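Colleague: Just dropping this structure here.
Just so it is clear, none of the values below were taken in a lab; they were calculated from the coordinates. Since we're looking at a predicted model, the values are computed, not measured. Reconstructed Cβ throughout: ideal geometry from the backbone, glycine too, with neighbour counts over all protein chains shown.
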Amino acid sequence: MQNNTFSTLFVGQNLIKLKEVDSTNNFLKDLVSKSEPLAEGTVIMADNQFAGRGQQESVWQTQAGKNISTSIYLKPSFLPLNKQFYLNIAVSLAVSDALSCFVPDGIKVKWPNDLYYQNKKLGGILIENTLTGNSIKSSVIGIGLNINQSEFSDSISQRATSVIQILQRDVSLMDIMDKLFIFMEKYYLILRAGKYSILQNDYLSRLYNFNIPALYMQNGAFFEGTITGVEDDGRLMVDTTNGLKVFNFKEIEFTHTK
């Protein structure tokens, strides 16, 4: 464990750097289960993550040494279970703010937990909570961001982008991590203070396709809808020709086909 000079109270003050790991989330969860109580804000960072995961066990592809693959340990026991999605909101805002320090325009949060630049994926978030009774005992926050990777496999090249592709220059991974820790702490403290309306309003202001008519797909059928909000439990509210509908995770697909 290493002490660092990040200008934060606790996020990133304990940083464990790895050359290679299957998944930073898996490593951190294993550390939590085996070790003495771990300091809140502990961060795992890997140069190469060869089996990174996205939502619903989808695979996150990354190039060694070029991107950010990190996991943050938090203990949001103060958060009611029916407000769990607000942790997702806080993390999404922190990551979007950090990226916006380097990419001034065009960063959006795509529901429920992807980071987009225009119509391409820039990164993703995977939050894994451990529950005890009616509270969250601990949370492992996995964050994967495409930073200095200039090429992607043919299967995702039309859907993915990176900071280097946007800016046409390298960006220091540690500079981005520094901003990420600062904003993570900021929004986590807002969350701890129970200021849900602030988080909700900020989230909607950055939400991809918010209040914009767009084409979606459910069960293989296309329909046009307009995102109007997100419920406290994280379900997406979409105004359609058949009225207002709410969708849980993976029940609706975004499409760029018009």
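Colleague: Using only Cα atoms, figure out Rg for the stretch 70-199 and give it as a multiple of 2.2 N^0.38 Å. Please list the in-between numbers first.
Modeller: On the way: Rg = 15.3 Å, N = 130, 2.2 N^0.38 = 14.0 Å.
The value comes to 1.10.
Colleague: Measuring from label point to label point, each 7 Å out along Cα→Cβ, what is the Asp105 to Phe78 span in nm?
Modeller: My value for the distance between the label points is 3.8 nm.
Colleague: Could you tell me the distance between the Cα centroids of the stretch 160-239 and the stretch 67-145, to the nearest Å?
Modeller: Result: 9 Å between the Cα centres.
Colleague: Given the convex hull of the Cα atoms of the chain, what is a quarter of its surface area in nm²? Could you put the intermediate results ahead of the total?
Modeller: Values: hull surface 56.1 nm².
Its Cα hull, projected and averaged over all orientations, spans 14.0 nm².
Colleague: Okay, helix-only estimate at 222 nm for the chain: each DSSP H run of n ≥ 4 adds -39500 (n - 2.57), divide by all residues, round to 500 deg cm²/dmol; what do you get? Walk me through the numbers on the way to the answer.
Modeller: On the way: 5 runs with 63 residues, N = 258.
It lands at -7500 deg cm²/dmol.
Colleague: Please identify the helices of the chain, taking whole runs of DSSP H, that span at least 18 Å along their own axis as judged from the Cα atoms and have a mean Kyte-Doolittle score of 0.5 or higher.
Modeller: On the way: long enough: 85-100 (22 Å, 1.36); 173-192 (28 Å, 0.73).
Long hydrophobic helices here: 85-100, 173-192.
Colleague: Something else about it: Go ahead and collect, in residue order, the members of the stretch 88-113 whose backbone nitrogen is under 15 Å from a label point 7 Å along the Cα-Cβ direction of Leu189.
Modeller: 94
Colleague: Also: How big is the charge dipole of the chain about its Cα centre, in debye rounded to the nearest 20, if each Lys and Arg gets +1 on its Cβ and each Asp and Glu gets -1 on its Cβ? Could the numbers behind the result be given before it?
Modeller: On the way: 24 positive and 25 negative charges, 39 e Å.
Charge dipole of the chain: 180 debye, to the nearest 20.
Colleague: Roughly what % of Cα-Cα distances in the stretch 212-254 sit above 11 Å, to the whole percent? Please list the in-between numbers first.
Modeller: Details: 562 of 903 pairs.
That tail contains 62 percent of the Cα-Cα pairs.
Colleague: I'd like the Karplus ³J(HN,Hα) series for the stretch 64-74: coefficients 6.51, -1.76, 1.60, θ = phi - 60°, whole numbers in Hz, and an x wherever there's a Gly or Pro.
Modeller: Whole-Hz 3J(HN,Hα) from phi for the stretch 64-74: 4, x, 9, 10, 9, 10, 9, 9, 10, 9, 10.
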